[in-house]
Amino acid sequence: MKIRKNHARKRYRYNVNRKTLNKTRSSTGKIKDPVLKKLWMEGQRVGTNFSEMGLASDPNKAVAIPNYKSQRLQTVKIVNGFVEEEMDDEEIKALKGSRVTESQEPKRGHVVRELEQMASERADPEFRLPKGVVKELSYFLNKHKFDYKAMVTDRRNYWQWTWRQFRLKIRRFMSIPEQFNVFLEQKKLPLDTKPDWPEYESDSEWK
């Protein structure tokens, strides 16, 4: 018996812009970074562009996991005399001609240096806690002050932090004046000072 195939009727979709559809399908996305956009070669492949800039599209290939089995086999071969001693660089160049074995600097290696410089300029040297964490820590400080044992048993401790975690987070919060001063203003306490509250469940004094 012959299998009967039911084919859907093909209909032309007049509401689809074919030119835009082909562009979106073939496009790899817009480059937002001005340095990369300026030096990106449209005619080259993505991997070639990255390698010439000194970047890596796949970190697993750029920093490969060492194969200890092959290393041990190579060591055993050298010990047993199956592999000759390594030649000098001059001998390798003489045998292989103009081929260079040492890793050369990429063609557009200055891209990495420019990106590192931009990242160092943009980086904020001061650490900031997220707003949600600040809100939760302010709640616990308002209710329990420095009683970390009471914070652990509080119903609002959804993350099940231990008293050591509470102490670490609160001390980190108090070391950021821009965020902790807001809490002090709400409590009408002097700014840039640690509240004079006793500290419970702590194995070390305040530093």
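The values are calculated or read from the model by the stated rules, or taken from the named source; none is laboratory data. Since we're looking at a predicted model, the values are computed, not measured. Glycine gets a Cβ as well: all are built from the backbone with ideal geometry, and neighbour counts include every protein chain shown. These accessible areas exclude ligands, DNA and RNA; they are computed on the full protein's heavy atoms, side chains included. Shrake-Rupley method; radii C 1.70, N 1.55, O 1.52, S 1.80 Å.
Descriptive notes on the structure:
- Surrounding net charge for residue 52, when Lys and Arg each add one and Asp and Glu each subtract one, Cβ distance under 12 Å: +2
- Rg and Dmax of segment 131-187, Cα atoms only, in Å: 10.7, 29
- Note on residue 160/residue 128: beta-carbon distance plugged into 1/(1 + (r/R0)^6) with R0 of 22 Å gives a FRET efficiency of 0.35.
- Using a probe of 1.4 Å, the accessible surface attributed to residue 175 totals some 60 Å² when neighbouring protein chains are kept in position.
- In terms of packing, defined here as the mean over residues of other Cβ atoms within 10 angstrom, the peptides 33-39, 140-146 line up highest first as 140-146, 33-39.
- Percent carbon-and-sulfur accessible area, segment 131-187, ignoring ligands, DNA and RNA, probe 1.4 Å: 51
- Solvent exposure of segment 131-187 amounts to 61 Å² per residue of accessible area, where only protein heavy atoms count and the probe is 1.4 Å.
- Out-of-range pairs (alpha-carbon distance over 20 Å; input 169/194; 131/169; 38/61; 145/194; 149/169): 38/61
- Each residue was assigned an accessible area with a 1.4 Å probe, and for residue 162 the value is about 70 Å².
- Magnitude of the charge dipole, segment 131-187, Cβ model with Lys/Arg +1 and Asp/Glu -1, debye to 20: 180
- Between segment 40-79 and segment 18-34, the Cα center-to-center distance that results, in Å: 29
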